[in-house]
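Undergrad: For reference, the structure I am asking about is given below.
Just so it is clear, none of the values below were taken in a lab; they were calculated from the coordinates. This structure is a prediction, so every number in the text was calculated from the model and none was measured. Note: ideal-geometry Cβ built from the backbone for every residue, glycine included; neighbour counts use all protein chains shown.
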Amino acid sequence: MSNPLSVLHAHLIQLSETILNSLSKTPYTPPEGTPISVKSTLETLLSIKNPNPNNNAITETLLFNSIKDFTLACALLSSSQSSTHELLSWIPKNLSIEANRAFNELSKAYVESDFGDRNERRISELLGVECGGGDLVSEEKRLVIELMPEVLPLLKDGIKESSIDKSVDGDEISAASARAPVGFAIVAAYQFRWFVTKVDYPYLGKLCNFVLPCALTALDHWSPQVKGQGMISCTHLAKNVDAAELGWYEDVILDACCQNIVSDDEIWYHVVEMSVLLVTYFQRTNPRSPWFEKMLNEMLGHLERQPRNKDRRVTWLTCVEPLLHGVGLVLVAHFRRVFPLFFKWMHADDDETVLLVRMHAFTHELVDELALLYKEAALRIAREQIRSSVLEILILLQQCKGLQFKAAWDKHSNDLNLTSLSLSLSCLVQRSESKRAACSYISSWKDIFGIWQMCKRILSRLAEFFSLHCLFHDPYVFAWKPQNPDRSSSRFYAFKKHPASFWARRQRARTLSSSTRTEREMTTKMGPEDLLDDLIEFNISFIP
């Protein structure tokens, strides 16, 4: 009877040899000045050791180490597809696809084997969930999760070997590279990112104690390639982990974000995406957090040093909106730095920048703050001036934002403490809308006289139909009728006169409406505004 461990080991050797055959046919020239050979590293990982011919027994430790090395090789081959670095750019796409297929096949065989069944308790205890039957955790994900506690510490050490030792004076990049070639750190960083992105919510949160030390080590490295893979891993972590699971690392993570904002342009997108996501992730309920202040200052400083750098500004404008919403009205304190950049970018040569530059709206937050200020003004001496200013700002917001303002104001419309403000705002808004509607139909004096001539022709036809030929040839009755018919009938005024001119008739009607107009209004010379007011307030009717 065959040993289950031997069967799984034989299957692993078969998969490794398939990849090794394809790898041997792939041309490879090590980059100049690089003492590391990635192809040799892959061949070492894929060379699965055969057991002693005199003793065919396969130990669990040997099998697990072989699976670990094979997975590291697959991780490096697979992650090369997202890399343009010279160390990995030589790997063809078909070899990466073959590595993914081999790993999936190994995962299935591992889960179905007795060896995988015995390790089921380990993964269940690690995640805090039952993984039996593969219903909760996929086969591929289950093997990755089992390997991460063993693999990630090794990758962390590989990255740290070529890091700068800040505790030693004068230990710079050259000294760090002398201890270990940076190529090993780059390879380890890509492998680390592959492992992290293979696991998602809710399982990744159980592995934070293994993931974060390695991620922070990558962020502290001097190589942009290593930093970039650490940033991608942190971004994936924030999207798939609850804030409570990262609580112990909050300050350390945010400090690492701030330290990396001043980075090379090739990883600027990753650092902005990571920083914005993490600071809003931890500080979403605290717009006055010092981390918001520090991070925004670092970003603005980096942009101010090269405001004409297209890639830098486009990346920032694309990713920064959640941060600005998190800051809220506290953003006003940064206007003196933000607006000069916006004003320069409005005239940029590329259309993308011009389209991205816009004044990020905070309509809902501003309306809420103004409503609160209006109520608090009741306890102030200058309450009338404050409330008048609030009303002016709200009217301006309504004219600028329209539907957004309406949505923001609806929740305050039933507040008893804002009744007078709601009435004032409604009246002024309605009057403004009516004037705009009238102006849209009457745009000039020529249009007004055209409308008047058209009305004369229509009424003349009606007069002929009803045999009322005297309507325009004899004195006629001209009446102004208010919109509200429930008011006293004394508001209806009628008079007879000769049609000398349009404005003479208009002035006569205005004079006769003395009960609804002040003496100052009746003696004021008529103009376009007067006509618009009457068009809004009255309906004109001709009474034979």
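Undergrad: Treat each spin label as a single point 7 Å out from the Cα along the C-beta direction, and report the Val262 to Ser40 distance in nm.
TA: 3.9 nm
Undergrad: Let me ask another. Working out 0.36 nm times the residue gap between Asn309 and Ser82, then minus their Cα-Cα distance, what length gain in nm do you get to one decimal?
TA: Length gained between Asn309 and Ser82: 79.3 nm.
Undergrad: While we're looking at this one, here's another question. Would you calculate the separation in nanometres between label points at Thr29 and Glu376, each defined as 7 Å from the Cα along the Cα-to-beta-carbon direction?
TA: 6.9 nm
Undergrad: Could you tell me the calculated FRET efficiency between Asn94 and Ser47, based on Cβ-Cβ distance and R0 = 25 angstrom, to the nearest 0.05?
TA: 0.70
Undergrad: Take Asn65 and His347, extend 7 Å from each Cα along the Cα→Cβ direction, and tell me the distance between the two endpoints in nm.
TA: For the pair Asn65/His347, the computed spacing is 6.8 nm.
Undergrad: In debye, nearest 20, what is the charge dipole magnitude of region 180-242 about its Cα centre with +1 on Lys and Arg Cβ and -1 on Asp and Glu Cβ, if you could check?
TA: Using Cβ point charges on Lys, Arg, Asp and Glu, region 180-242 gives about 100 debye.
Undergrad: Please report the net charge: other residues with Cβ closer than 13 Å to the Cβ of Glu365, K and R +1, D and E -1.
TA: Net of charged neighbours comes to 0.
Undergrad: Among Lys227/Lys310; Lys156/Lys239; Lys93/Lys239; Lys39/Lys93; Lys108/Lys198; Lys156/Lys227, which pairs are too far apart, with a Cα-Cα distance over 18 Å?
TA: Lys227/Lys310; Lys156/Lys239; Lys93/Lys239
Undergrad: Report the calculated FRET efficiency for Lys411 and Glu384 (r = Cβ-Cβ distance, R0 = 22 Å), to the nearest 0.05.
TA: Once the sixth-power term is evaluated, E becomes 0.30.
Undergrad: Mind checking the full-extension length gain between Thr419 and Leu20? Use 0.36 nm per residue of separation minus the Cα-Cα distance, one decimal, nm.
TA: Stretched out fully, the Thr419 to Leu20 stretch lengthens by 135.8 nm.
Undergrad: Still on this structure, I have one more. After finding the eigenvalues of the alpha carbon gyration tensor for region 257-358, what semi-axes result from the square roots of 5 times each, listed largest first in whole Å?
TA: 21, 16, 12
Undergrad: Can you tell me the order of 276-284, 27-35, 88-96 when each peptide is scored by its average per-residue count of other Cβ atoms within 10 angstrom, highest first?
TA: Ranked from most to least packed, the peptides come out as 276-284, 88-96, 27-35.
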